[in-house]
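A quick write-up on the structure given underneath.
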Amino acid sequence: MNIMFAYDNSTNARQALDKTLKMFACMLPKVTLIAVVDSTQGSSGVNEQSYEDYKFDFSESVREAAQTLKELGVNADVIIAEGEPRKMILEAVHSKNPDLLVLARHSEKADSNIIGKTLDALVEEFNFMTFGNVSSFLTRRVKCPILIQSCS
């Protein structure tokens, strides 16, 4: 089984990767981590060095995750793309044709003051009823099954 996993090194992505591996361990899957450096973050040219540092650190964290998978006996590859995340993941899916695409549910946490907590509750309720931007885009366009992992 070939599993493509959209990975951004977030807490949700790490938890979802762990859950996915436990779910499919008996199938000895080949895992491809697709990570996308959002090019809109570095498009201004004002803070080019910070963007390059971010891109390097992000890429290294994804390679470290793949190395950890390999140490656990999982056959793992890495694709690091630069561009708009939804489109780059879609392109990778079309190129590699995985059996399954896995996404971690995106979650934004607001500040911890009373207004933030209220907003956080509303955002979480809305997120419960909907998919995130990337998930919503990909579910309408990819041909393979998609697993959206919730994380808590």
Taking the stretch 52-75 and keeping residues more than 15 Å from the chain's Cα centre (by Cα) and either polar (S, T, N, Q) or not in a helix (DSSP H, G or I) (or both) leaves 67, 68, 72, 73, 74, 75
Taking the stretch 10-35 and the residues there that are crowded, with 17+ Cβ neighbours inside 10 Å and not in a helix (DSSP H, G or I), the one that is farthest from the chain's Cα centre (by Cα) would be 29
Review point. Within the stretch 34-51, can one find any residue that is at pLDDT 95 or above and of a type in the set (Ser, Thr, Tyr)?
Key: no
Inside the stretch 53-106, the number of residues satisfying the requirement of being of a type in the set (S, T, N, Q) and in contact (Cβ under 8 Å) with a residue 40 or more places away in the chain is 3
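The values are calculated or read from the model by the stated rules, or taken from the named source; none is laboratory data. For clarity, every value in this text was computed on a predicted model and none was experimentally measured. Quick reminder, even Gly has a Cβ in these numbers, built from the backbone with ideal geometry, and neighbours come from all protein chains shown.
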